[in-house]
Amino acid sequence: MTPNTNLPNPVIKDMYLEINSIAQGVNVGVLVLVASDSDNILTANYFSLPVFALTNLLISITFWARYYFDTTILHRSYTPMSVLWFFAYILSQGVSISSIGKPVAWLVSTGVFLFFGFGFYVLNLLEIRRKQVAAELPVAYLIWQKRRMVELLLLSTTSFVGAYFVFQYPALALPVGLVAMLAAVWQFALTNGYRTRRFIDTGV
């Protein structure tokens with residue numbers, strides 16, 4: 001196997017990983033602040049705020065881990081589109097977290113955030129094609145990327161549908177929040193595949 005000479009500057013890679021870690025830390029801090037606000041707790045529709053808060057925490061951990069592992073494996077090239085997508089993703093996550101006291105706004109903003117997550121998998125697959133290194137990666141990893149991409153598109157769409165139903169019937173805020181939390185637990189559990197399938201031991 002010939003070494004891949006199309007690798008990004010390691011300083012750039014480390015910088016983006018650091019930015020991602022800092023952003024996730026800030027978002028978790030905002031999450032704690034919003035979730036502990038007594039006014040938010042008292043005005044949250046049908047006690048959905050704790051459920052939304054826990055869901056956001058699971059989503060933050062999941063996306064932080066996946067971004068780190070995929071960056072390590074793929075050595076992202078950081079094209080203008082991927083850079084723009086990265087900062088839009090961070091911003092949309094902050095909006096989602098700040099909206100946990102408003103069920104409809106939270107579901108819409110989380111749907112947008114999950115759409116950016118879907119876009120990351122699109123960019124991952126384009127990265128593989130651009131470098132023409134698909135043959136160097138385990139087939140299971142490529143299938144993994146495609147499945148997670150489809151799942152996040154479906155989850156994003158489901159979040160928008162949930163927002164519509166909660167807008168029409170506010171009493172559904174808690175049940176819809178519980179469904180969202182179960183989906184977050186599911187995606188969080190899937191992330192363990194980087195270890196159990198030894199994806200983290202590969203790289204291009």
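The values are calculated or read from the model by the stated rules, or taken from the named source; none is laboratory data. Because the structure is a prediction, the values reported are computed rather than measured. Glycine gets a Cβ as well: all are built from the backbone with ideal geometry, and neighbour counts include every protein chain shown.
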ask   = Is one or more of the residues making up segment 107-127 modelled with pLDDT of 85 or more, buried (at least 16 other Cβ atoms within 10 Å of the Cβ), of a type in the set (Ser, Thr, Tyr) and farther than 25 Å from ASN192 by Cβ?
value = yes
For THR158: the one exception among (1) surrounded by fewer than 19 Cβ atoms within 10 Å (Cβ to Cβ); (2) within 28 Å of ASP70 (Cα to Cα); (3) at pLDDT below 95 = (3)
task = For segment 50-97, name all the residues that are assigned to a loop (DSSP other than H, G, I, E, B) and buried (at least 20 other Cβ atoms within 10 Å of the Cβ).
result = ARG76
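Only one residue in VAL139, VAL176, VAL166, VAL133 is modelled with pLDDT under 90, surrounded by 15 or more Cβ atoms within 10 Å (Cβ to Cβ) and more than 18 Å from the chain's Cα centre (by Cα), so which one is that?
Of the residues listed, the single one that is modelled with pLDDT under 90, surrounded by 15 or more Cβ atoms within 10 Å (Cβ to Cβ) and more than 18 Å from the chain's Cα centre (by Cα) is VAL133.
For segment 137-204, which fully contained helices (runs of 4 or more DSSP H) count at least 2 residues that are farther than 25 Å from TYR89 by Cβ?
Once the helices (runs of 4 or more DSSP H) in segment 137-204 are filtered for at least 2 residues that are farther than 25 Å from TYR89 by Cβ, what remains is 139-168, 173-190.
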ask   = Taking segment 170-197 only, how many residues are in contact with a Pro (Cβ under 9 Å, 6 or more places away or on another chain), under 19 Å from THR62 (Cβ atoms) and without any contact (Cβ under 8 Å) to a residue 60 or more places away in the chain?
value = 1
query = When residues of segment 52-107 are filtered for being closer than 27 Å to VAL179 by Cβ and polar (S, T, N, Q), how many remain?
reply = 9
key: In segment 74-93, the residues that are touching a Ser or Thr at 6+ places or on another chain (Cβ under 9 Å) and of a type in the set (Gly, Ala, Ser)   = SER92
